[in-house]
Amino acid sequence: MELSLRRLRTLREVARRGGVNAAAASLHYSPSAVSQQLEALAAEVGAPVLERRGRGVRLTPVGRVLTEHADILLAAEQRACAAVEGARQTLTARLEVGVFAAAAASLLPAVMADLDAHQPGITLDSFEIDTDDAVTDLRHGQLDLALLLDYPDAPEPWSGDLAVVPLGLDRIHLAAPADSTYEAGVDLAELAHENWIISGPRTYYGRAVRSACRRAGFDPVVRHHVDGLATALAMVAAGLGVTLASDLGRVFAPPDGVRIVPFEQPLRRAIVVAHLPHADDRPTVRAVIDALTRAAAAQGLGPVDAA
């Protein structure tokens, strides 16, 4: 009997999410693709892993046994990778890293240059991805590492099945049209009357901005729902409203038309790198985390204990 780790991950997600459709949405698969993987897993073990229950499904006894052992097997996979890397004379690996846009533009170039200089055998493939999706992809082994955001106004309860390494604090500022009268030391509450340009409430960033505004005593009037900061800042330059931009995100500001104004009460977000717990046994993963730490320090990110 041969067990596919990919199919075990799928079964584990069905168990966690309580059904095929929910697991499919989490994994970014179609329900039929999830069902096909579980049918193939059932063929591998010679017994069904799911059974119908009303309109839904539940694990069979065999499915429960496989789910109980899935974490052990997947952790063993990570330990095997670590052992192989440790036995090599040089560090060599191709790692997949999930990044958010500002990190891709501000941190990733320095990380790549650092690795080229000190660990040329490590290759990074990066994927721009939303925080919620990155966490799911980490859990299922589709990413080796992910750069994530943790906002004080919308704290992310990182699950115990992920290891998180803080890289630093990224300060957040007002981004207003160049002809605005806002000065350094502006209070967030002063922006209650403004038209806002931010992403929707289904994104982690969108939820965090709305939470910060509510804490300041108002619900933002969002006239333009925009996910990309570069687009939002271009719209600010055109006079369509205001948004927020972090130190890392300033890389997207157009050369003219936008004023970046610090708040009186600094807003900050933590930049962290996450991975599966056993992945830090891999020398290549540790090398990338070290390079990320150096890049964050070079960008002037503040220490996390300064929050």
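The values are calculated or read from the model by the stated rules, or taken from the named source; none is laboratory data. Predicted model only: the values in this text are computed from it and were never measured. Glycine gets a Cβ as well: all are built from the backbone with ideal geometry, and neighbour counts include every protein chain shown.
Here are some residues: Leu124, Leu162, Leu174. Which one is under 19 Å from Glu13 (Cβ atoms), of a type in the set (A, V, I, L, M, F, W, C) and in contact with a Lys or Arg (Cβ under 9 Å, 6 or more places away or on another chain)? Spell out how you get there, then give the answer.
Working: Leu124 fails: under 19 Å from Glu13 (Cβ atoms); Leu174 fails: under 19 Å from Glu13 (Cβ atoms).
The conditions single out Leu162.
Give the number of residues within the stretch 219-241 that are modelled with pLDDT of 95 or more, part of a loop (DSSP other than H, G, I, E, B) and surrounded by fewer than 18 Cβ atoms within 10 Å (Cβ to Cβ).
4
How about the stretch 242-261: which of its residues are buried (at least 20 other Cβ atoms within 10 Å of the Cβ) and aliphatic (A, V, I, L, M)?
Result: Val242, Leu244, Ala245, Leu248, Val258.
Could you tell me which of the residues Gln142, Gln78 is at pLDDT below 85, assigned by TED's automatic domain parsing to the domain that holds Pro31 and polar (S, T, N, Q)?
After applying the criteria, what remains is Gln78.
What is the one condition in (1) out of contact with any Ser or Thr (no Cβ under 6 Å at 6 or more places or on another chain); (2) at pLDDT 90 or above that Asp170 does not satisfy?
(1)
Right, Ser106: under 23 Å from the mean Cα position of the chain (by Cα), closer than 30 Å to Ile289 by Cα and at pLDDT below 75 or not?
no
Report, by residue number, each residue of the stretch 7-29 that is within 19 Å of Leu138 (Cα to Cα) and not in a helix (DSSP H, G or I).
Those that are within 19 Å of Leu138 (Cα to Cα) and not in a helix (DSSP H, G or I): His28, Tyr29.
Can you go through Arg52, Arg64 and tell me which one is part of a strand (DSSP E or B) and out of contact with any Leu (no Cβ under 9 Å at 6 or more places or on another chain)?
Arg52
Go through the stretch 1-48 and count every residue that is small (Gly, Ala, Ser), under 13 Å from Gly63 (Cα atoms) and buried (at least 19 other Cβ atoms within 10 Å of the Cβ).
Residues meeting the conditions: 2.
When you scan the stretch 53-60, do you find a residue that is surrounded by 16 or more Cβ atoms within 10 Å (Cβ to Cβ) and either more than 22 Å from Leu276 (Cβ to Cβ) or within 23 Å of the chain's Cα centre (by Cα) (or both), even just one? Give the derivation first.
Keep residues of the stretch 53-60 that are surrounded by 16 or more Cβ atoms within 10 Å (Cβ to Cβ), which gives 57, 59.
Going one step further and asking which of them are either more than 22 Å from Leu276 (Cβ to Cβ) or within 23 Å of the chain's Cα centre (by Cα) (or both), we end up with 57, 59.
Yes, the stretch 53-60 has at least one match.
State whether one or more residues within the stretch 266-280 are basic (Lys, Arg), surrounded by fewer than 18 Cβ atoms within 10 Å (Cβ to Cβ) and at pLDDT 90 or above.
Checked the stretch 266-280: no residue is basic (Lys, Arg), surrounded by fewer than 18 Cβ atoms within 10 Å (Cβ to Cβ) and at pLDDT 90 or above.
Could you list, in sequence order, all residues of the stretch 27-55 that are in contact (Cβ under 8 Å) with a residue 24 or more places away in the chain and either of a type in the set (A, V, I, L, M, F, W, C) or over 29 Å from Ile129 (Cβ atoms) (or both)? Steps first, please.
As a first pass, look at the stretch 27-55 and keep what is in contact (Cβ under 8 Å) with a residue 24 or more places away in the chain: 27-28, 34, 37-38, 40-41, 44-46, 49-50.
Result: Leu27, Val34, Leu38, Ala40, Leu41, Glu44, Val45, Gly46, Val49, Leu50.
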